[in-house]
Structures are given as structure tokens and as C-alpha cells.
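J.: Here it is: the structure, laid out below.
The numbers here are math on the coordinates, done by the rules we state, and not lab data. Since the model is a prediction, treat every value here as computed from it, not as a measurement. Cβ sites come from the backbone with ideal geometry, for glycine too, and all protein chains shown count toward neighbours.
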Amino acid sequence: MPVPIELNLHRQSRVLEVAYEDGTRFKLPCEYLRVYSPSAEVQGHNPDERVLQVGKEDVGIDRIEPVGNYAVCLHFDDEHNTGLYSWDYLYRLGAEYEQRWNAYLDELKQAGHTRKVLQS
């Protein structure tokens with residue numbers, strides 16, 4: 001299991017940068033982390049219960065709380081803080097970013113939601 005050696009939250013750009021010993025580095029947008037929260041509130045207790053998250057374009061992270069030596073709890077500024085992001089899950093989110101992000105965009109479109117574009 002890859003363990004991060006560094007977590008850097010870039011508040012202005014709303015990106016969490018995760019670095020590993022082998023040089024692997026992921027830049028994970030807060031919106032992406034929020035819509036793929038591992039919490040039961042988002043994921044449900046089985047795949048059929050998963051809840052599509054909408055309107056999270058400008059969500060940020062207020063703080064990152066370590067959970068033992070295996071995970072972090074991300075406290076989002078929309079008051080969501082029930083998901084524990086294990087090191088393994090964070091790595092998978094980084095490695096599978098492109099396919100997961102595109103799947104999310106497709107889900108939004110199929111549900112009739114339009115993602116708003118934020119100004120930089």
C-alpha cells in the first residue's frame with residue numbers, strides 16, 4: 001500500500017497535492033475528492049445507493065485530520081466530513097482520476113445537471 005509522504009492543500013486553486021516516495025504525485029481537485037467521498041452518505045451501503053453529488057464546483061477543504069497511520073478525514077467547507085480517505089483510496093483516486101472524472105461528468109449530464117464553470 002503506497003503511503004503519502006506529503007499532503008499539500010492549495011486553498012486558492014482548491015487542489016490537494018499528494019506525493020509518494022517513488023516520485024508519484026497527484027493533484028486532486030477538492031470537487032473531485034468531495035464527489036468521490038468514501039462516506040456512506042455519498043457511496044451508500046452498496047453501488048445502487050450511491051448518491052450523485054451536484055453543485056460541488058466551488059467546494060474547498062477547511063482542514064485535514066489524520067486518522068491513525070492509515071487515512072485522513074477531509075473537512076469540506078460544505079460541512080461534509082464523514083469520509084475516511086485511506087492511503088490506498090487516495091492513491092486509487094489519483095491513479096484513476098481521468099476515468100473517474102469523466103464518469104462523473106457523464107453522470108451529471110445523464111441526470112440533466114450542468115456543471116458550472118468557475119472563474120480563475
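J.: Which of H113, C73, L33 sits farthest toward the positive end of the charge dipole of the chain, with +1 on the Cβ of Lys and Arg and -1 on the Cβ of Asp and Glu?
T.: H113
J.: In addition: Using alpha-carbon pairs under 8 Å, 6+ residues apart, how would you state the relative contact order of the chain in percent?
T.: The normalised contact order for the chain reaches 21 percent.
J.: Could you tell me how far the Cα centroid of the range 76-96 sits from the Cα centroid of the range 24-64, in Å?
T.: Distance between centres, Cα-based: 7 Å.
J.: Okay, moving on. For the range 25-42, take each phi angle, set θ = phi - 60°, evaluate the Karplus expression 6.51 cos²θ - 1.76 cosθ + 1.60, and give the result in whole Hz per residue in order, putting x for glycine and proline.
T.: Per-residue couplings from phi come out as 9, 10, 10, 10, x, 4, 4, 4, 4, 5, 6, 10, 3, x, 5, 5, 4, 9 Hz.
J.: Divide, for the range 1-115, the radius of gyration over alpha carbons by 2.2 N^0.38 Å, where N is the residue count.
T.: Against the compact-globule rule of thumb, the ratio is 1.03.
J.: Moving to a separate point now. Going by amide H atoms built from the backbone, whose H comes under 5 Å of the H on L28, apart from near neighbours?
T.: L16, E17, V18
J.: Any idea what the dipole of the chain comes to, in debye rounded to 20, about its Cα centre with Lys/Arg Cβ at +1 and Asp/Glu Cβ at -1?
T.: 300 debye
J.: Please turn the phi angles of the range 67-73 into ³J(HN,Hα) values with the Karplus equation 6.51 cos²θ - 1.76 cosθ + 1.60 (θ = phi - 60°), one per residue in order, whole Hz, x for glycine and proline.
T.: 10, x, 10, 10, 6, 9, 9
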